[in-house]
1. Give me a count of the residues in the stretch 125-149 that are open to solvent by 20 Å² or more (accessible area, probe 1.4 Å) and assigned to a helix (DSSP H, G or I).
2. So which residues in the stretch 49-65 are touching a residue at least 24 places away in the same chain (Cβ under 8 Å) and touching a helix residue (DSSP H, G or I) at 6+ places or on another chain (Cβ under 9 Å), if there are any at all?
3. May I ask you to say which residue of Ile156, Ile83, Ile164, Ile160 is over 18 Å from Asp5 (Cα atoms), modelled with pLDDT under 75, more than 15 Å from the chain's Cα centre (by Cα) and open to solvent by 60 Å² or more (accessible area, probe 1.4 Å)?
4. Would you tally the residues in the stretch 50-85 being over 16 Å from Asp22 (Cα atoms) and polar (S, T, N, Q)?
5. Exactly one condition in (1) in contact (Cβ under 8 Å) with a residue 60 or more places away in the chain; (2) assigned to a helix (DSSP H, G or I); (3) open to solvent by 20 Å² or more (accessible area, probe 1.4 Å); (4) of a type outside the set (Ser, Thr, Tyr) is false for Leu68; which is it?
6. Among the residues of the stretch 93-119 satisfying the criterion of being of a type in the set (A, V, I, L, M, F, W, C) and open to solvent by 40 Å² or more (accessible area, probe 1.4 Å), which is modelled with the lowest pLDDT?
7. Residues in the stretch 14-37 that are out of contact with any helix residue (DSSP H, G or I) (no Cβ under 6 Å at 6 or more places or on another chain) and either closer than 18 Å to Ala55 by Cα or open to solvent by less than 70 Å² (accessible area, probe 1.4 Å) (or both): how many?
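The values are calculated or read from the model by the stated rules, or taken from the named source; none is laboratory data. Quick caveat: nothing in here was measured; it's all calculated off a predicted structure. Cβ placement follows ideal geometry from the backbone for every residue including glycine, while neighbour counts extend to all protein chains displayed. Note: areas computed on protein heavy atoms with side chains; ligands, DNA, RNA excluded. Shrake-Rupley method; radii C 1.70, N 1.55, O 1.52, S 1.80 Å.
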Amino acid sequence: MAKRDFIKNTAESLIKKYDTRDPFELCKAVGVYVVFADLGSLKGMYKYLKKNRFAIINEQLDSDTKRLVCAHELGHDQLHQEIAKHICLQEFALYDMKNRPEYEANLFAAEILLPDDRILTHAHEGYDIEQIAKELSIDINLVALKVSSMKLNGHILNDIHLPILNFLT
(Lines give C-alpha, C1' and ligand atoms only; values in the text may rest on other atoms or scores of the structure.)
Protein backbone atom coordinates (compact mmCIF):
# COMPACT_ATOMS: atom_id res chain seq x y z
CA MET A 1 0.00 0.00 0.00
CA ALA A 2 1.35 3.43 -0.95
CA LYS A 3 1.91 5.88 1.90
CA ARG A 4 -0.71 8.24 0.47
CA ASP A 5 -3.27 5.40 0.58
CA PHE A 6 -2.35 4.72 4.21
CA ILE A 7 -2.84 8.42 5.00
CA LYS A 8 -6.22 8.51 3.25
CA ASN A 9 -7.37 5.32 5.01
CA THR A 10 -6.23 6.64 8.40
CA ALA A 11 -8.16 9.89 7.90
CA GLU A 12 -11.26 8.10 6.62
CA SER A 13 -11.21 5.69 9.58
CA LEU A 14 -11.22 8.59 12.04
CA ILE A 15 -14.01 10.37 10.18
CA LYS A 16 -16.12 7.22 10.12
CA LYS A 17 -15.40 6.22 13.73
CA TYR A 18 -16.21 9.65 15.20
CA ASP A 19 -18.74 10.78 12.57
CA THR A 20 -17.12 14.19 12.04
CA ARG A 21 -14.59 16.01 9.90
CA ASP A 22 -14.09 18.71 12.51
CA PRO A 23 -10.40 18.51 13.45
CA PHE A 24 -11.03 19.98 16.91
CA GLU A 25 -13.62 17.29 17.68
CA LEU A 26 -11.32 14.60 16.27
CA CYS A 27 -8.43 15.80 18.45
CA LYS A 28 -10.65 15.62 21.52
CA ALA A 29 -11.90 12.16 20.54
CA VAL A 30 -8.40 10.70 20.15
CA GLY A 31 -6.93 12.42 23.20
CA VAL A 32 -4.92 15.27 21.70
CA TYR A 33 -5.00 18.40 23.84
CA VAL A 34 -5.54 21.51 21.71
CA VAL A 35 -3.94 24.62 23.19
CA PHE A 36 -4.11 28.16 21.80
CA ALA A 37 -1.18 30.49 22.44
CA ASP A 38 0.57 33.51 20.98
CA LEU A 39 3.26 31.81 18.89
CA GLY A 40 4.49 34.83 16.95
CA SER A 41 5.22 33.75 13.38
CA LEU A 42 4.76 30.07 14.20
CA LYS A 43 1.41 28.73 12.97
CA GLY A 44 1.34 25.66 15.16
CA MET A 45 3.23 22.74 16.61
CA TYR A 46 2.73 19.16 17.74
CA LYS A 47 4.46 17.64 20.74
CA TYR A 48 4.32 14.24 22.40
CA LEU A 49 5.45 14.65 26.00
CA LYS A 50 5.24 12.05 28.76
CA LYS A 51 2.43 10.15 27.04
CA ASN A 52 0.48 13.39 26.49
CA ARG A 53 -0.14 14.70 22.99
CA PHE A 54 -0.48 18.41 22.27
CA ALA A 55 -1.53 20.45 19.25
CA ILE A 56 -0.55 24.05 19.94
CA ILE A 57 -2.17 26.54 17.59
CA ASN A 58 -1.37 30.23 17.18
CA GLU A 59 -4.29 32.16 18.67
CA GLN A 60 -3.65 35.04 16.24
CA LEU A 61 -4.77 33.01 13.19
CA ASP A 62 -8.20 33.42 11.63
CA SER A 63 -10.73 30.64 12.32
CA ASP A 64 -10.30 28.93 8.92
CA THR A 65 -6.52 28.79 9.33
CA LYS A 66 -6.85 27.52 12.92
CA ARG A 67 -9.01 24.69 11.58
CA LEU A 68 -6.43 23.87 8.91
CA VAL A 69 -3.54 23.97 11.39
CA CYS A 70 -5.49 21.75 13.79
CA ALA A 71 -6.07 19.17 11.02
CA HIS A 72 -2.38 19.36 10.12
CA GLU A 73 -1.29 18.81 13.74
CA LEU A 74 -3.77 15.93 14.04
CA GLY A 75 -1.98 14.49 11.01
CA HIS A 76 1.28 14.62 12.93
CA ASP A 77 -0.43 12.88 15.84
CA GLN A 78 -1.74 10.06 13.69
CA LEU A 79 1.36 9.66 11.52
CA HIS A 80 4.41 10.92 13.40
CA GLN A 81 4.14 10.22 17.12
CA GLU A 82 7.53 8.49 17.16
CA ILE A 83 9.21 11.54 15.63
CA ALA A 84 7.39 13.86 18.04
CA LYS A 85 8.69 11.92 21.05
CA HIS A 86 12.14 13.25 20.15
CA ILE A 87 11.47 16.66 18.58
CA CYS A 88 8.71 19.24 18.52
CA LEU A 89 7.17 19.43 15.05
CA GLN A 90 6.78 23.14 14.27
CA GLU A 91 5.06 24.88 11.38
CA PHE A 92 6.23 28.26 10.19
CA ALA A 93 4.95 27.48 6.68
CA LEU A 94 2.28 24.84 6.13
CA TYR A 95 3.33 23.92 2.62
CA ASP A 96 6.94 22.84 3.06
CA MET A 97 6.86 20.01 0.52
CA LYS A 98 10.59 19.25 0.88
CA ASN A 99 9.96 17.82 4.35
CA ARG A 100 8.25 14.42 4.22
CA PRO A 101 6.46 14.62 7.63
CA GLU A 102 5.12 18.08 6.75
CA TYR A 103 3.92 16.89 3.35
CA GLU A 104 2.22 13.88 4.95
CA ALA A 105 0.53 16.06 7.60
CA ASN A 106 -0.73 18.36 4.83
CA LEU A 107 -2.10 15.41 2.88
CA PHE A 108 -3.81 14.14 6.04
CA ALA A 109 -5.35 17.60 6.61
CA ALA A 110 -6.60 17.62 3.01
CA GLU A 111 -8.27 14.23 3.54
CA ILE A 112 -9.92 15.39 6.77
CA LEU A 113 -11.12 18.77 5.51
CA LEU A 114 -11.91 18.09 1.85
CA PRO A 115 -14.31 15.25 1.03
CA ASP A 116 -13.79 13.74 -2.43
CA ASP A 117 -17.45 14.22 -3.33
CA ARG A 118 -17.32 17.98 -2.67
CA ILE A 119 -14.23 18.37 -4.86
CA LEU A 120 -15.80 16.24 -7.63
CA THR A 121 -19.08 18.16 -7.51
CA HIS A 122 -17.37 21.53 -7.84
CA ALA A 123 -14.98 20.28 -10.52
CA HIS A 124 -17.85 18.92 -12.61
CA GLU A 125 -19.64 22.26 -12.21
CA GLY A 126 -16.61 23.85 -13.88
CA TYR A 127 -14.97 25.39 -10.82
CA ASP A 128 -11.21 25.86 -10.94
CA ILE A 129 -8.87 25.37 -7.98
CA GLU A 130 -9.19 28.96 -6.81
CA GLN A 131 -13.00 28.86 -6.95
CA ILE A 132 -13.12 25.55 -5.05
CA ALA A 133 -10.84 26.96 -2.36
CA LYS A 134 -13.00 30.05 -2.03
CA GLU A 135 -16.24 28.03 -1.97
CA LEU A 136 -14.88 25.71 0.75
CA SER A 137 -13.09 28.50 2.70
CA ILE A 138 -9.81 26.60 2.53
CA ASP A 139 -6.30 27.47 1.42
CA ILE A 140 -5.75 27.00 -2.32
CA ASN A 141 -2.59 24.96 -1.68
CA LEU A 142 -4.56 22.36 0.26
CA VAL A 143 -7.08 22.07 -2.57
CA ALA A 144 -4.23 21.63 -5.06
CA LEU A 145 -2.72 18.89 -2.90
CA LYS A 146 -6.10 17.12 -2.60
CA VAL A 147 -6.77 17.30 -6.34
CA SER A 148 -3.31 15.92 -7.12
CA SER A 149 -3.91 13.06 -4.69
CA MET A 150 -7.32 12.35 -6.23
CA LYS A 151 -5.76 12.22 -9.69
CA LEU A 152 -3.16 9.73 -8.44
CA ASN A 153 -6.05 7.63 -7.08
CA GLY A 154 -7.62 7.51 -10.54
CA HIS A 155 -10.21 10.28 -10.38
CA ILE A 156 -10.67 12.01 -13.70
CA LEU A 157 -10.69 15.74 -13.18
CA ASN A 158 -10.33 17.05 -16.71
CA ASP A 159 -11.32 20.58 -15.80
CA ILE A 160 -8.60 20.90 -13.19
CA HIS A 161 -5.06 20.69 -14.48
CA LEU A 162 -2.29 20.32 -11.93
CA PRO A 163 1.13 18.76 -11.89
CA ILE A 164 0.86 15.34 -10.25
CA LEU A 165 2.74 15.23 -6.97
CA ASN A 166 4.82 12.05 -6.92
CA PHE A 167 6.34 12.57 -3.46
CA LEU A 168 4.38 9.72 -1.86
CA THR A 169 4.10 7.29 -4.75
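1. 9
2. Matches in the stretch 49-65: Arg53, Ala55.
3. Working: Ile156 fails: over 18 Å from Asp5 (Cα atoms); Ile164 fails: over 18 Å from Asp5 (Cα atoms); Ile160 fails: open to solvent by 60 Å² or more (accessible area, probe 1.4 Å).
Exactly one residue qualifies, and that residue is Ile83.
4. Adding up the residues that qualify gives 4.
5. Here Leu68 clears every test but (3).
6. First, pick out the residues of the stretch 93-119 that are of a type in the set (A, V, I, L, M, F, W, C): 93-94, 97, 105, 107-110, 112-114, 119.
Checking which are open to solvent by 40 Å² or more (accessible area, probe 1.4 Å) leaves us with 93, 97.
Values: Ala93: 52, Met97: 57.
Taking the candidates together, the pick is Ala93.
7. Kept after step one, since they are out of contact with any helix residue (DSSP H, G or I) (no Cβ under 6 Å at 6 or more places or on another chain), are these residues of the stretch 14-37: 15-17, 19-20, 22, 25, 28, 30-31, 33, 35-37.
This time we only want the ones that are either closer than 18 Å to Ala55 by Cα or open to solvent by less than 70 Å² (accessible area, probe 1.4 Å) (or both), so: 15, 20, 22, 25, 28, 30-31, 33, 35-37.
Qualifying residue count, the stretch 14-37: 11.
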